[in-house]
1. Does SER117 satisfy the condition of being under 16 Å from the mean Cα position of the chain (by Cα), hydroxyl-bearing (Ser, Thr, Tyr) and open to solvent by 20 Å² or more (accessible area, probe 1.4 Å)?
2. Suppose we filter the stretch 265-276 for residues that are modelled with pLDDT of 95 or more and under 20 Å from ASN159 (Cβ atoms); how many remain?
3. Hey, which of the strands (runs of 3 or more DSSP E) in the stretch 226-303, taking only ones fully inside, have at least 1 residues that are more than 9 Å from the ligand (Cβ to nearest atom) and out of contact with any Gly (no Cβ under 9 Å at 6 or more places or on another chain)?
4. Every residue in the stretch 281-298 that is in contact (Cβ under 8 Å) with a residue 24 or more places away in the chain, closer than 21 Å to PRO157 by Cα and open to solvent by less than 40 Å² (accessible area, probe 1.4 Å), please.
5. Taking interchain pairs and intrachain pairs at least six residues apart, which have beta carbon atoms under 8 angstrom, with the first residue in the stretch 239-254 and free of Cβ contacts under 8 Å to residues at least 12 places away in the same chain and open to solvent by 60 Å² or more (accessible area, probe 1.4 Å) and the second within 8 Å of the ligand (Cβ to nearest atom) and in a loop (DSSP other than H, G, I, E, B)?
6. Are there any pairs, at least 6 apart or on different chains, whose C-beta atoms fall under 7 Å, with the first in the stretch 206-217 and of a type in the set (D, E, K, R) and within 13 Å of the ligand (Cβ to nearest atom) and the second modelled with pLDDT of 95 or more and outside any helix (DSSP H, G or I), and if so, which?
7. Do we find that GLU32 is of a type in the set (D, E, K, R), under 16 Å from GLY91 (Cα atoms) and open to solvent by 10 Å² or more (accessible area, probe 1.4 Å) in this structure?
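The values are calculated or read from the model by the stated rules, or taken from the named source; none is laboratory data. The structure presented is a predicted model; accordingly, all values stated were derived computationally and were not measured. No Cβ is skipped: glycine too gets one built from the backbone with ideal geometry, and neighbour counts run over all protein chains shown. Accessible surface areas use protein heavy atoms only, side chains included; no ligands, DNA or RNA. Shrake-Rupley method; radii C 1.70, N 1.55, O 1.52, S 1.80 Å.
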Amino acid sequence: MARKVLVLGEVREGNLRNVSYEAVAAGKLIAEGGEVVAVLIGETVASLGAAMIQYGADRVVTVENEQLKNYTPDGYSQALLAVVNAENPEGIVLGHTALGKDLSPKIASKLGSGLVSDCVNVEVTGGNIVFTRPIYSGKAFEKKIVTDGVIFATIRPNNIPPLEKDESRTGDVASLAVDIKDLRSIIKDVVTKASEGVDLSEAKVIVAGGRGVKSAEGFNALKELANLLGGAVGASRGACDADYCDYSLQIGQTGKVVTPDLYIACGISGAIQHLAGMSNSKVIVAINKDPEANIFNVADYGIVGDLFDVVPLLIEEFKKV
Ligand code: FAD
């Protein structure tokens, strides 16, 4: 059954986040040959429309307004709801990002629809759109189908591969004028922390440190290894609580959920709350001096040893490549 599906492109600092293209790919599956309409919200976003089309969207609707320069739940929900009302879609897809997690329940409640959140896979089976999502902190997966109303889903970044970019694709980019009003919160200023290198939630390689790293200085070697591999540094809550690094690096149940191609866990015990954020990584390498550490239960490759010996050896070897 062909459907019209709206897909939100997520804009950060003037650029589209990769999850936007992954959402288009999910939208294509849900549309089953129907139309995928990308929605871009911000102060000036029309120039990003072409990329959404090149990654598979059929056309783009933008909502541009100076009040939408930064994300606010009120502003973005007014904008997205206006597009939903104008387009009347049968499906909606957002990234399961900080923005998507905040915005999607608000939109679903306004529409009176359900919401299948944090999906790691979408497939068409037996005439149904089947969503797979982790439950019990990633210990199991459930499959869901939507039997009534709008098919509304959020997708976990780095799980649904984007379509191949096709620069020959063209499509309409039209703007919808929306009167954004009665904002209960206004962003006066955005103070960004000087982030080093790759965005953690979209990184293909993550080198993460735990309490075993023992100090903030201890993280320097992890940063060097991450840089060599073109990746990002992450941390357990143990390391953040000990003030070895900033909480923005925390991975886990109460931190970021990541799905890189390679996750190197250094001095992390593997508590269930940490595994909830990384156990879906494609390849997990664990370095721990305790052979009984729980992290080895999810690791594809385990190195029993002192990370202060092993990490410098890895750096030395990768420098040769
Ligand atoms: P530890 O458990 O202390 O482990 C350190 C490990 O380092 C040990 O396995 C040790 O053998 C190893 N080690 C020590 N020295 C070396 C060395 N030289 N070389 C190699 N290995 C070494 N945790 C998270 O990570 N993310 C979350 O989002 C999160 N959310 C939570 C939510 C709740 C409600 C609760 C209750 C807890 C949460 N936690 C979370 C905390 C979690 O339970 C653990 O306490 C935490 O993950 C432990 O961090 P760690 O593995 O770095 O430290």
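1. Details: under 16 Å from the mean Cα position of the chain (by Cα): yes; hydroxyl-bearing (Ser, Thr, Tyr): yes; open to solvent by 20 Å² or more (accessible area, probe 1.4 Å): yes.
Yes; evaluated as a whole, the condition is true for this residue.
2. Looking only at that region, the number is 3.
3. On the way: elements: 232-235, 262-266, 283-288.
By residue number, 283-288.
4. So in the stretch 281-298, the residues in contact (Cβ under 8 Å) with a residue 24 or more places away in the chain come out as 281, 287-289, 293-298.
When the remaining residues are screened for being closer than 21 Å to PRO157 by Cα, the result is 281, 298.
Result: SER281, single match.
5. Here the result reads TYR247/GLY255, each pair linking the stretch 239-254 to a residue that is within 8 Å of the ligand (Cβ to nearest atom) and in a loop (DSSP other than H, G, I, E, B).
6. From residues that are of a type in the set (D, E, K, R) and within 13 Å of the ligand (Cβ to nearest atom), the pairs are ARG211/SER236; ARG211/ALA242; ARG211/GLY267.
7. Working: of a type in the set (D, E, K, R): yes; under 16 Å from GLY91 (Cα atoms): yes; open to solvent by 10 Å² or more (accessible area, probe 1.4 Å): yes.
When the stated conditions are applied, GLU32 passes them.
Table: residues versus (1) in contact with a strand residue (DSSP E or B) (Cβ under 8 Å, 6 or more places away or on another chain); (2) modelled with pLDDT of 95 or more; (3) in a helix (DSSP H, G or I).
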residue: VAL7; (1), (2), (3): yes, yes, no
residue: VAL37; (1), (2), (3): yes, yes, no
residue: ALA50; (1), (2), (3): yes, yes, yes
residue: SER77; (1), (2), (3): no, yes, yes
